[in-house]
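Below is one structure, written out as structure tokens; the observations come after it.
The values are calculated or read from the model by the stated rules, or taken from the named source; none is laboratory data. Keep in mind that what you see is a predicted model, and the values were worked out from it rather than measured. No Cβ is skipped: glycine too gets one built from the backbone with ideal geometry, and neighbour counts run over all protein chains shown. Remember, those area values only see protein heavy atoms, side chains included, never the ligands or the DNA or RNA. Shrake-Rupley method; radii C 1.70, N 1.55, O 1.52, S 1.80 Å.
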Amino acid sequence: MNMNNLIRLVTFFCLTAAINSYAQVKGLIQVSAVKGDSQPSWQEGGLGLYRYDSNNDGIVLSQGVLDFSIDLNSAWSAHGVVNVYQDPQLTLGFSQAYFQYKPLSSSKYKWHIRAGGFYPLLSLENPDKGWLSPYNYTNSAINSWVGEEIRTLGVEATIKRPGRRFNSAHSFSFVGATFKGNDPAGTLLAWRGFAMHDRQTTFNESIAFAPVTSLNTPQLQFQANQVLPFEEVDGRFGYYAGVHWDYLKKSQFRFYYYDNNGDPAALNKSTGQYAWDTRFSSAAWLYKFTANTRFITQMMSGSTAMGTKRGVNNRFYSHFVLVSHKMAKHRISIRYDYFEVTDHDDWLFDPNASEGEGITATLRYQLTPQWQLGIEGSALHSQADNRAAINSPKNISQQQISLNVQWRY
């Protein structure tokens, strides 16, 4: 480990100690023993859709999370999530940082506002601290992409109608937000496609992908071989709106419509980032069969385009089905994923169509309130039309297994 990496790790633990002295702090360290696939990961400029490949076989720091909140007064609070990763290089940064205004009210309705950088709450798969999943270690294809390219850098308002205040079994929340940034969202879907992993992008990061041949053409010569997902390119505001429905904590449903309002002709030549016109709908449902068994599903469908005449114009779709059962200190979760990107433009030199499916099975054992052990196996099959141009097979199959140790604080 070089000196800069050592300094980053020391900074993470010093930050933990400093914040813990006057804030509510939760977090975890997760160490994994990984057996990766021989297909090089996209993080190394390869075609693999997992976070790790065989070059990462062995012990890795897979998660370092510091999730904190500070009460500024009775209504205002500050929140942040700091992540540390060692892949593809050691990284320390914020994945969320925002203020929340939540006033006390005698009204039957409740409301609050968030301002800063945060996730839209469209997922029911990632309710754990730091936007992690308590089910599988590897996220669904949908939420792997959300963790990479989607973040709200703006203001969100929520109005809640609690069922108990209206003597009703039904609770509703209505969400609306406006934001800037997130202009390049859609880049990875076009030239890499969906992936499956648990790596969240921090605000100071870029994400590389395989050297796609079409980026060497005159039409795409200004596009970088990486994405800066939270960059502002066109000066426009985006927005999203959502509704949450909760029935007796037994059934939960969330629907969101997102539109970054990107101008696909806008380009920052110095960073090689276009503003993509990206919009999607997401529907998620959680149903508890019993106190220990639950079913979660989510569907996302949308479109993304870039270029003066929308030279790259794609539609994307994904869904997953997850079943999780808890037995004493054990939790077993099994998830099936399907994902696809369809090409709707006329640039034959830049094929963007891709498709895949995967299955992930995870067993977790809660040794103590602080310590958790787990094992996970995952397999996926994918095809992408742009692989042929770089002398790679269009179809690839991958597998990954990991042993995981979590310590929570």
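Quick notes on this one:
- Residue in the range 278-287 that is under 22 Å from the mean Cα position of the chain (by Cα) and closer than 25 Å to Leu47 by Cβ present: yes
- Residue match in the range 133-143 (condition: touching a Pro at 6+ places or on another chain (Cβ under 8 Å), touching a residue at least 40 places away in the same chain (Cβ under 8 Å) and of a type in the set (A, V, I, L, M)): no
- For first residues located in the range 339-360 and farther than 15 Å from Asn313 by Cβ and touching a residue at least 12 places away in the same chain (Cβ under 8 Å), partners that are among the polar types (S, T, N, Q) and open to solvent by less than 50 Å² (accessible area, probe 1.4 Å) and lie 6+ apart or on another chain with Cβ distances below 6 Å form the pairs Phe339/Ser318; Glu355/Gln383; Gly356/Ser382; Thr360/Asn136; Thr360/Thr138; Thr360/Ser378.
- Residues satisfying the stated conditions in the range 229-243, i.e. touching a helix residue (DSSP H, G or I) at 6+ places or on another chain (Cβ under 9 Å) and open to solvent by 20 Å² or more (accessible area, probe 1.4 Å): Phe230
- Positions within the range 151-188 being part of a loop (DSSP other than H, G, I, E, B), open to solvent by 30 Å² or more (accessible area, probe 1.4 Å) and among the charged types (D, E, K, R), in sequence order: none
- Residue list for the range 77-111, restricted to those being more than 19 Å from the chain's Cα centre (by Cα) and closer than 19 Å to Thr152 by Cα: Ser77, Ala78, Phe99, Gln100, Tyr101, Lys102, Trp111
- Whichever residue in the range 266-282 is assigned to a strand (DSSP E or B) and either closer than 12 Å to Glu125 by Cα or not polar (S, T, N, Q) (or both) and, among such residues, is most open to solvent (accessible area, probe 1.4 Å): Arg279
- Here Trp285 fulfils each of the conditions (1) surrounded by fewer than 19 Cβ atoms within 10 Å (Cβ to Cβ); (2) under 24 Å from Ser318 (Cβ atoms); (3) out of contact with any Ser or Thr (no Cβ under 7 Å at 6 or more places or on another chain) apart from (3).
- Residue check for Met327: surrounded by 15 or more Cβ atoms within 10 Å (Cβ to Cβ) and either on the phi < 0 side of the Ramachandran plot or not β-branched (Val, Ile, Thr) (or both): no
- Residue that is farthest from Arg254 (Cα to Cα) [pool: residues in the range 284-316 that are among the β-branched types (Val, Ile, Thr) and assigned to a strand (DSSP E or B)]: Val312
- Evaluated against (1) over 25 Å from Phe94 (Cβ atoms); (2) of a type outside the set (Asp, Glu); (3) modelled with pLDDT under 95, His244 falls short on exactly one condition, (3).
- Scanning the range 32-65 for residues that are of a type in the set (A, V, I, L, M) and under 17 Å from the mean Cα position of the chain (by Cα) gives Leu49, Val65.
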